[in-house]
Each structure stands twice: as structure tokens, then as C-alpha cells.
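Single-structure report; data block below.
No value in this document is a laboratory result; all are computed from the given coordinates. As the structure is a prediction and not an experimental result, all values here were calculated from the model. Please note: Cβ atoms are built from the backbone with ideal geometry, for glycine as well, and neighbour counts cover all protein chains shown.
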Amino acid sequence: MPRRPASLLLLPVLALTAGCGALPEKGDRAQARPAPARESGTAAHFELRRVASGLVRPTYVGAAPGDSDGLYVLEQPGRLVRVGPGGRITTLIDLRDEVVTGAEQGLLGLAFHPDFARNRRLYLHWTDRRGDTRVAEFTLGTAARRPLLFVDQPEENHNGGQLAFGPDGRLYLGLGDGGGAFDGHDNAQDTDRLLGKLISTDVDTRGEPRWRVDLYGLRNPWRFSFDAGLGEVWIGDVGQDATEEIDRVPLEPDEPPKNLGWPAYEGSKRLDGDRLEGEGELISPAAEYTHADGCSVTGGVVYRGTELPELAGRYVYGDFCSGAIWTLRPGPGRGAEDVRRERASQQQLSHIGVDSEGELLFAAANGDIARAVSRRR
Ligand SMILES: [Ca+2]
């Protein structure tokens with residue numbers, strides 16, 4: 001693939017650093033932001049207690065509005081199950097005949113309609129038998145299905161995964177860059193394409209869904225979440241060979257979509273070859289870690305529960321490969337600080353969700369579901 005020279009981008013930034021007052025190239029202006037936070041110590045805010053096991057490669061755990069007794073789990077090969085009291089498992093939707101399972105393919109995302117308790121609507125994201133991305137609306141207890149999205153996938157990897165409703169009531173989806181290495185299909189910086197983006201649609205408008213690009217320059221946003229109170233989205237964007245990143249981005253729909261930098265940047269590191277495209281403000285990671293500490297970030301949530309008061313307002317995330325779990329404190333200027341590695345860890349960590357009370361749940365590809373509990377118990 002063509003590698004474009006980076007020198008034109010780097011020179012103005014260096015000039016600005018030297019204080020000569022030259023304007024940085026559009027998009028690189030955010031380089032004045034503070035460096036991403038890195039691990040600065042350890043902590044033991046909680047223990048993990050296993051609450052279910054034997055599930056098949058879970059990719060999601062969470063609660064449904066109006067159901068405080070059950071946990072809802074996605075199994076990567078294609079089932080949505082409910083884990084009820086006593087660990088009883090009920091299959092709610094079975095797409096195993098339609099889903100292909102690979103390392104990064106399968107049933108990858110679930111979101112409940114904000115009004116699910118009344119309308120029973122939920123949304124699933126999966127990889128179909130041809131390896132392409134599909135999103136559809138289901139109405140639980142009926143056979144109703146409404147296709148919402150089809151995206152041709154050029155490679156098996158980097159399919160993104162997460163579905164979630166934003167504080168604006170829109171359904172958001174994270175899509176990876178289409179796969180291969182170093183965005184060889186040139187998707188992430190092309191704002192006319194859906195790959196390498198955070199996109200959203202209004203599911204309550206009937207007729208053909210229209211998807212909007214909200215953020216671009218993503219590599220593989222496997223997991224993201226909204227901190228509704230602050231109108232922010234937190235993204236764990238999986239890195240290439242060196243760096244995993246956490247992005248903290250304000251929701252500003254009246255502004256042009258912001259640029260998360262890939263593949264011109266991996267984490268905060270400028271890579272040779274690709275340039276920033278489009279008009280979006282460049283967003284540097286709030287936090288990052290290198291492959292000395294893992295190899296695939298699993299983005300989590302800002303804790304808004306009550307059982308673990310020391311975690312209040314902290315963002316919780318981890319790494320699939322090392323099982324490490326970190327928490328950090330949102331800092332000034334959209335940054336992060338006080339990154340602590342937890343004593344607890346979870347091998348094959350695939351998803352961090354919350355129950356109906358906002359308490360932390362951890363899904364792992366080894367089949368386990370765990371809950372964060374106070375160490376004082
Ligand atoms: Ca980035």
C-alpha cells in the first residue's frame with residue numbers, strides 16, 4: 001500500500017514546540033495536550049467473585065432495563081442468554097446458524113432500547129457467515145427482526161464490537177478499520193466510509209436507517225461506553241504492535257466528527273506514512289500502555305455504582321491478553337490521572353459491564369462471569 005510522507009505533518013508541530021508561533025497543520029493542533037496518563041501505582045479497590053461459568057466465549061454481560069434479577073450474556077458463537085438466580089441459563093435469541101466465529105468474529109455487541117421494559121426491543125451486532133458485519137433490531141418474545149446495518153468486511157479482524165445507546169438516545173456502534181495491518185484498506189481516515197469509525201443512528205425513525213459518522217480515525221474500538229453525566233464517550237481502541245489506548249471524547253454533534261488519529265498515530269506515537277485527513281480535531285489518548293503490559297485493551301466504564309465508594313467516578317478497563325485491570329481518575333482537560341493497576345485480574349477479559357445497580361461485571365472468553373465486590377466483605 002502507498003505510504004505517504006509524514007514530514008509535512010511533523011515540521012509545523014516541531015516549529016510550534018520551539019515557540020516560533022507557526023501554525024500547526026490542521027488536525028495536529030491538539031498536540032499541545034498533555035501526554036497520555038500511564039500506570040502510576042497499584043490499588044486493591046475490589047475483589048472479583050465468579051458468579052457464572054461454563055458460558056461459551058462471552059462477549060458481553062449486563063442488565064436489561066426492568067429486570068433486576070437477571071444478567072444478560074452474549075456468547076460469541078451466537079446466543080443471547082439470561083443468567084437467572086442460582087445460575088439458571090435461558091436462551092433468549094439463538095443466531096448460531098447465521099454467525100461465524102473467529103478470534104474477532106461472532107456475536108459481538110448488544111444494546112437494550114432505553115424503553116426496553118415496555119417495548120422489548122434490543123439490538124445485536126454480529127459477523128455473518130460471509131464474514132460481514134450485521135446489526136439488527138429484535139423484539140424479545142417475537143420473531144420480529146429489523147435489519148439496521150450491513151457492512152462488507154474485507155478482512156477477518158478489526159470488526160469492532162460494542163453497541164450502546166448514547167445519552168442522546170441514538171444507537172452507537174464501534175467499527176474497526178476493516179482489518180489487516182496499519183489500515184491497509186485506508187478506511188479509518190476516510191470519513192465517507194463506515195469502517196474505522198464510531199457511528200450512530202436513530203432507531204426510532206422508521207424506514208431506512210441513516211447512520212452518521214460521529215468519530216473517525218479508530219483502529220478497532222472493541223469496547224466503548226458513555227459517561228452520560230458528563231456527555232463523554234470512553235473508548236478502548238486496540239493498538240497495532242506497540243500501544244493500547246484509552247480515549248475520552250466529549251459528545252459535540254454540532255462540531256465536525258473528531259479524529260482519533262489512526263493510522264497516523266498509534267496511541268500518542270506518530271507513525272510514518274499516513275497523514276491525518278478531514279477537518280476533525282485530533283484527539284490524543286487520555287491514557288495508554290505498551291505491549292509490555294498487555295496486547296489488546298478491553299475498554300470499560302466509568303463507575304457510577306455505590307458498593308465501591310472509592311471507585312466513584314473512576315474509569316475501569318483492562319487487557320484481554322494479560323488480564324490486567326486498571327482504574328483511572330478523569331483529569332482536567334479531557335485527560336486522565338492516577339492510573340492504578342488493580343490487584344484483581346481477569347484472564348481473557350472480553351467485556352466490562354454493569355448490573356441494574358451500576359455495579360461492575362466482568363466477562364471473560366474462558367466462560368466466566370465475575371462481579372466486583374468490596375474487599376471488606
Ligand atoms: Ca488513536
Full-stretch length increase - Ala143, Thr306 - with 0.36 nm per residue and alpha-carbon distance subtracted: 54.9 nm
Given charges at beta-carbon only (K, R positive; D, E negative), |dipole| of the chain in Debye: 920
message: Once the cut-off is 20 Å, how many percent of the Cα-Cα pairs in region 69-181 end up in the long-distance tail?
response: 40
query: From Cα coordinates alone, what are the radius of gyration and Dmax values for region 208-298 in angstrom?
result: 13.3, 46
message: Going by amide H atoms built from the backbone, whose H comes under 5 Å of the H on Ile369, apart from near neighbours?
response: Val51, Ala52, Ser53
task: Name the residue farthest towards the positive end of the dipole of region 77-230 from the options Leu198, Leu80, Leu163, assuming +1 on Cβ of Lys and Arg, -1 on Cβ of Asp and Glu, about the Cα centre.
output: Leu80
field: Equivalent ellipsoid dimensions for region 285-334 as semi-axes, Å, which come from the Cα gyration tensor, largest first
entry: 21, 14, 7
query: Near the amide H of Glu137, under 5 Å away, which other amide H atoms are found, from residues 5 or more places off or on another chain, if H is placed in the peptide plane?
result: Arg146, Leu148
query: Using bins 10 angstrom wide from zero, how does P(r) for region 305-377 break down, in % of all Cα pairs?
result: 18, 51, 29, 2
query: Picking from Val213, Ala111, Thr133, whose Cα lies most toward the positive end of the charge dipole for the chain (charges on Cβ: Lys, Arg +1; Asp, Glu -1)?
result: Ala111
- request: Tell me which residues come under 5 Å, amide H to amide H, from Ser322 once H is placed; ignore anything under 5 positions away on its chain.
  value: Cys295, Ser296
query: In vacuo Debye scattering of the chain, one point per C-alpha: log10 I(q)/I(0) at q = 0.14 Å⁻¹?
result: -1.18
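Given the DSSP H assignment, sum -39500 (n - 2.57) over each helix run of at least 4 residues in the chain and divide by its residue total; what's the result at 222 nm in deg cm²/dmol, nearest 500?
Counting only the DSSP helices, I get -1000 deg cm²/dmol.
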- prompt: Which of the peptides 165-174, 236-245 is most tightly packed, and how do the rest follow, judged by the mean count of other Cβ atoms within 10 Å per residue?
  reply: 236-245, 165-174
